[in-house]
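Beneath this line is the structure, given in structure tokens, with notes to follow.
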Amino acid sequence: MSLELPTERLLIREWELGDADAALQIYGAEEVAHWLTPEWQPVTDISAMRSVLHAWIEAGPNLIPPAGRWAIVRKEDGQLVGGLSLKLLPPFEEDFELTWALRPDVWGQGYATEASQAIISWAFKQGIEEVFAVARPRNERAIAVARRLGMEWVGETEKYYDMRLQVFRLRPS
Ligand SMILES: CC(C)(COP(=O)(O)OP(=O)(O)OC[C@H]1O[C@@H](n2cnc3c(N)ncnc32)[C@H](O)[C@@H]1OP(=O)(O)O)[C@@H](O)C(=O)NCCC(=O)NCCS
């Protein structure tokens with residue numbers, strides 16, 4: 001499902017192969033990669049980033065809606081500043097997990113919250129009844145985003161990725 005979703009300061013859009021340079025500044029940054037799920041293979045060069053983008057773009061049409069992976073572009077200067085995704089949580093693949101990654105130099109400006117609000121309200125319009133976010137207990141910034149979004153703390157679990165994670169959930173109000 002192709003998506004282009006504007007917010008006040010951002011545009012959420014599909015990834016393109018030409019995004020590799022900008023994507024590497026996000027996913028190649030140690031401050032970001034450190035917090036991603038264990039399935040994430042560190043990306044250290046442009047050709048690896050291109051392969052990842054290629055895989056994401058190829059996989060897109062086969063995902064169960066509203067699952068997807070999107071780029072976050074800042075409207076003001078057209079810079080690609082982050083990515084977000086909605087994906088089915090392992091192992092049961094029933095719950096949709098929202099994930100975020102921002103280029104470290106743009107942290108602290110509310111972009112993750114703004115982009116998430118837009119994608120969540122779009123996802124609820126597609127008919128899903130809840131969205132989850134999971135974060136390592138020490139990932140204070142991710143936990144703060146979940147709380148800022150109004151997500152409720154559900155508990156702690158190891159069932160998703162074989163590591164202890166804080167679980168948050170949001171339902172349409
Ligand atoms: C998680 C992550 C996306 C959070 O980024 P962030 O910039 O802290 O979060 P937001 O974009 O919501 O910004 C919130 C901050 O902007 C401030 N802010 C400024 N303007 C704002 C606005 N209009 N709306 C909301 N917050 C605003 C908030 O006060 C807050 O500041 P603080 O961090 O000093 O308290 C980022 O740290 C990251 O990429 N981490 C690595 C990847 C990761 O951990 N992902 C989560 C697991 S999938």
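Listed by position, the helices (runs of 4 or more DSSP H) contained in the stretch 14-66 that have at least 1 residues being among the basic types (Lys, Arg) are 46-59. Arg136 passes every criterion in (1) at positive phi; (2) surrounded by 15 or more Cβ atoms within 10 Å (Cβ to Cβ) apart from (1).
For the stretch 153-171, does any single residue satisfy the condition of being near the ligand (Cβ under 7 Å from one of its atoms) and within 28 Å of Glu30 (Cβ to Cβ)? Checked against the condition, which is being near the ligand (Cβ under 7 Å from one of its atoms) and within 28 Å of Glu30 (Cβ to Cβ), the stretch 153-171 yields no hits at all.
Residues that are without any contact (Cβ under 8 Å) to a residue 60 or more places away in the chain and either within 16 Å of the ligand (Cβ to nearest atom) or not in a loop (DSSP other than H, G, I, E, B) (or both) within the stretch 119-133 comprise Ile120, Ser121, Ala123, Phe124, Lys125, Val131, Phe132, Ala133, listed in sequence order. When the residues of the stretch 82-113 are filtered to those that are free of Cβ contacts under 8 Å to residues at least 60 places away in the same chain and of a type in the set (A, V, I, L, M), the one that is farthest from Val145 (Cα to Cα) is Leu88. Remark: pairs (first residue in the stretch 55-78, among the β-branched types (Val, Ile, Thr); second residue part of a loop (DSSP other than H, G, I, E, B) and surrounded by 12 or more Cβ atoms within 10 Å (Cβ to Cβ); Cβ separation under 6 Å; 6+ apart in sequence or on different chains) = Ile57/Trp15.
Rundown of residues vs (1) closer than 16 Å to Glu14 by Cβ; (2) modelled with pLDDT under 95, yes/no style:
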{"site": "Glu58", "(1), (2)": "yes, no"}
{"site": "Pro61", "(1), (2)": "yes, yes"}
{"site": "Ala67", "(1), (2)": "yes, no"}
{"site": "Val73", "(1), (2)": "yes, no"}
{"site": "Asp77", "(1), (2)": "no, no"}
{"site": "Asp95", "(1), (2)": "no, yes"}
{"site": "Arg103", "(1), (2)": "no, no"}
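Going through (1) β-branched (Val, Ile, Thr); (2) out of contact with any helix residue (DSSP H, G or I) (no Cβ under 8 Å at 6 or more places or on another chain); (3) modelled with pLDDT of 95 or more; (4) more than 15 Å from Ser85 (Cβ to Cβ) one by one, Thr157 falls short only on (3).
The values are calculated or read from the model by the stated rules, or taken from the named source; none is laboratory data. None of the values given here were measured: they were computed from a predicted structure. Glycine gets a Cβ as well: all are built from the backbone with ideal geometry, and neighbour counts include every protein chain shown.
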